[in-house]
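What follows is a set of notes on a single structure, which appears directly below.
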There are 2 protein chains.
Amino acid sequence: MPREVTVGLHATIVAVTGAEPRVLTVSGGADDGAPALPFGPLDPDRHRTLELGLRAWVRGQTGKDLAHVEQLYTFGDRDRGGAADERARVIAVAYLALVRERHLAAGHPAAWQAVYRFLPWEDRRGGEPALLRDRIRPALDAWIAAAPAGAARRERRGRADITFGSGAAPWDAERVLDRYELLYEAGLVAEARRGGGPGDGGAASDPAGFGAPLALDHRRILATALGRLRGKLKYRPLVFELLPEAFTLLQLQRTVETLAGVRLHKQNFRRLVERGALVEGTGRVEPATGGRPAKLFRFRREVQHERPAPGVGLPGLPVADS
Amino acid sequence: MPREVTVGLHATIVAVTGAEPRVLTVSGGADDGAPALPFGPLDPDRHRTLELGLRAWVRGQTGKDLAHVEQLYTFGDRDRGGAADERARVIAVAYLALVRERHLAAGHPAAWQAVYRFLPWEDRRGGEPALLRDRIRPALDAWIAAAPAGAARRERRGRADITFGSGAAPWDAERVLDRYELLYEAGLVAEARRGGGPGDGGAASDPAGFGAPLALDHRRILATALGRLRGKLKYRPLVFELLPEAFTLLQLQRTVETLAGVRLHKQNFRRLVERGALVEGTGRVEPATGGRPAKLFRFRREVQHERPAPGVGLPGLPVADS
DNA sequence: TTTGTAATTCTCATTGTGAGCATAATGAAC
DNA sequence: GTTCATTATGCTCACAATGAGAATTACAAA
């Protein structure tokens, strides 16, 4: 008898609070202790569309309506990081959702976690993190050297240079998934060492320094989500889904930086925002945040119907603030 | 008893021949006569991954191995353009595949069709097509005028301007899906008028001038594929999957133009290709194609490991050849 | 030889991007 | 009450990328 197929709707729900991007996780019910992304099964009888199905169970679990929702990717490997299920084949349709508040309905097993706990090498706001220099690059060098000399080794070297940046190639903030997959192939993230045995390398802490693991292939999904989010910031006004109604330009910039994982040049950032006519002043000012009071702005929703790609442009290179 | 879920793997197989992008279709087995994209069901027992499943049945059907394959989107609406199936909920995972040859194993019900038969407004190589000026824009104007005056109408106007271009917004070649969906909402494509009755508006010809329909939601899938392909051309060297081993720069340019649906400035195009070090000379020349003989080039596969985004840049604006 | 068609080389103006200087407006420290 | 730290805001400059086109070269066919 053929196995059945079930469809799981996975949500990567992202908010930004305290200058950190955070993701909603539930305590992992899987075979290891790692937290998991929340998900609900598709009810083929009740959910008219996949997205509506997702919204329905998220509302049921957290009492919140999702603002921005977009489909990310469909994962369907037979053994998605856990033990293969003998009874049913599980297909995971992953979504990215953005929410403003981090408030949760009380009594839920869900919790907000800093995204960079799971992908620490992605946060370069303070320059290249020591983790990258001291641990990841050496480990990658070893992985490269482990390949037979010649084309195979050059291939590994090239991939590492492109994904993690090097002299020639800068650092492409969007290649989040490429980087995670490279670390996975090199056997450096805990998930790669999970043979299927319970508790095998799946510690929720991060002793090795290569980021805390998530259940099954959920860290891959999170990497997909962060990469997509970073890419889309450039040409869609997504940041505003994460900000309060009124905000200062510095808040806006910090939120973008937080997601992009790099610092931006303040004056140029403002030039872009103004040129794009993305915001309009409210007339009010934010009472002193430590310096000269900042004007408060609100998002001009009309831009979406005015210009083709109204995003908060990320520059090519990460640039330090002056 | 809950309905079962089955997963279909849909392939948008694209090749470029005779200065036209073509897509592989099969004669529609659905409730109308429109052709369909080929697809095969996921076998949960035999296919280890979704992509392997797709490759397996494509190989079985056409005897060909796919070169480039990427996942596009997962469609799961209950009523995906056809009559709702009472027994099973069908989820469609759509893929884009690129192939070089258009040769088909003999005796197959598949056929290559020009992509622009289904999306005629997307081909602007000869300037804005008359279809757009004479039929689509007037029809859209009527649709806009049909909305209650005020915000609703401005919203429709804005969407039409952005997706189909206007004075302010140029023409964004990548917004293929947006355009199709707008035409669908405005009730202008045949699929939108299919109530479910057989033969209802599903004629394979194109009397109304809004493109030939495909079965179910397959034209939506095709639009997704073309949009993705156009976008990815810019930062990935995908064109070369569609070209022979050796080619002239004009062949390369024509292939890009064919997919992008716009003419490009020859000199600038060559500058981009050279600057990107995407190709290398073979030393041979193409014996006269009508003028001065052209050097033959081959793709430098190494670039993929050298630079982060080695694409054949599409310019922002469509520019006539000089 | 003339003509048509491409291939190839160069210029040039305009715009966009990365960086940095200078000035203004606050609250907190002394 | 002056100084200082901190942030907002305005302006300039160099340089790279882009869009457009002139000019020149190489070949086949008429």
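The values are calculated or read from the model by the stated rules, or taken from the named source; none is laboratory data. Everything numeric in this text was worked out from a predicted model, so none of it was measured. Neighbour counts are summed over all protein chains in view; Cβ atoms, including those assigned to glycine, are modelled from backbone coordinates with ideal geometry.
Could you tell me how many of the residues in region B:38-68 are touching a strand residue (DSSP E or B) at 6+ places or on another chain (Cβ under 7 Å), part of a loop (DSSP other than H, G, I, E, B) and within 9 Å of chain A (Cβ to nearest Cβ)?
Within region B:38-68, residues that are touching a strand residue (DSSP E or B) at 6+ places or on another chain (Cβ under 7 Å), part of a loop (DSSP other than H, G, I, E, B) and within 9 Å of chain A (Cβ to nearest Cβ) number 2.
Across region B:296-314, which residue is surrounded by the fewest Cβ atoms within 10 Å (Cβ to Cβ) among those that are among the charged types (D, E, K, R) and either within 26 Å of the chain's Cα centre (by Cα) or within 10 Å of DNA strand D (Cβ to nearest atom) (or both)?
Checking each candidate, the answer is B:301.
Examine region B:154-172 for a residue that is within 14 Å of chain A (Cβ to nearest Cβ) and at positive phi, and state whether such a residue exists.
yes
How many residues, within region A:286-322, are more than 10 Å from chain B (Cβ to nearest Cβ) and either at pLDDT below 85 or within 11 Å of DNA strand C (Cβ to nearest atom) (or both)?
The total comes to 21.
Which ranges mark the helices (runs of 4 or more DSSP H) fully within region B:82-194 that have 1 or more residues being within 30 Å of residue B:67 (Cβ to Cβ)?
By residue number, B:115-118, B:176-185.
So for region B:164-185 (the condition being at pLDDT 90 or above and over 15 Å from residue B:121 (Cα atoms)), does at least one residue qualify?
yes
If you check residue A:203 against the conditions, is it at pLDDT below 95, within 14 Å of chain B (Cβ to nearest Cβ) and at negative phi?
no
Residues in region B:69-76: is at least one assigned to a strand (DSSP E or B) and modelled with pLDDT under 90?
No: region B:69-76 contains no residue that is assigned to a strand (DSSP E or B) and modelled with pLDDT under 90.
Condition test on residue A:216, is it away from DNA strand D (no atom under 16 Å from the Cβ) and within 24 Å of residue A:135 (Cβ to Cβ)?
Taking the combined requirement at face value, the residue does not satisfy it.
In region B:249-264, what residues are in contact with a helix residue (DSSP H, G or I) (Cβ under 9 Å, 6 or more places away or on another chain) and near DNA strand C (Cβ under 10 Å from one of its atoms)?
Hits for region B:249-264 are B:249, B:250, B:252, B:253.
Filter the helices (runs of 4 or more DSSP H) completely within region A:202-275 down to those with at least 2 residues that are in contact with a strand residue (DSSP E or B) (Cβ under 8 Å, 6 or more places away or on another chain) and more than 22 Å from residue A:66 (Cβ to Cβ).
Qualifying helices (runs of 4 or more DSSP H): A:249-260.
In region B:274-285, what count of residues is obtained for those that are away from chain A (no Cβ under 14 Å) and within 11 Å of DNA strand D (Cβ to nearest atom)?
2
Within region A:268-278, is even one residue farther than 30 Å from residue B:151 by Cα, at pLDDT 80 or above and within 12 Å of DNA strand C (Cβ to nearest atom)?
Checking region A:268-278: at least one residue is farther than 30 Å from residue B:151 by Cα, at pLDDT 80 or above and within 12 Å of DNA strand C (Cβ to nearest atom).
Being modelled with pLDDT of 90 or more and out of contact with any strand residue (DSSP E or B) (no Cβ under 8 Å at 6 or more places or on another chain) is the requirement here; does residue B:35 meet it?
no
Looking at B:269, B:240, can you tell me which residue is buried (at least 21 other Cβ atoms within 10 Å of the Cβ) and more than 19 Å from the chain's Cα centre (by Cα)?
B:269
Hey, can you tell me all the residues within region B:245-288 that are touching a residue at least 12 places away in the same chain (Cβ under 8 Å), closer than 30 Å to residue B:128 by Cα and among the acidic types (Asp, Glu)?
If the condition is that a residue be touching a residue at least 12 places away in the same chain (Cβ under 8 Å), closer than 30 Å to residue B:128 by Cα and among the acidic types (Asp, Glu), then B:257 is the only one that fits.
Out of (1) under 27 Å from residue B:94 (Cα atoms); (2) modelled with pLDDT under 95, what's the single condition that is false for residue B:226?
Among (1) under 27 Å from residue B:94 (Cα atoms); (2) modelled with pLDDT under 95, the lone unmet condition for residue B:226 is (2).
Given the conditions (1) within 16 Å of DNA strand D (Cβ to nearest atom); (2) within 14 Å of another protein chain (Cβ to nearest Cβ), and given that residue A:268 satisfies all but one, which numbered condition is not satisfied?
Every condition holds for residue A:268 apart from (2).
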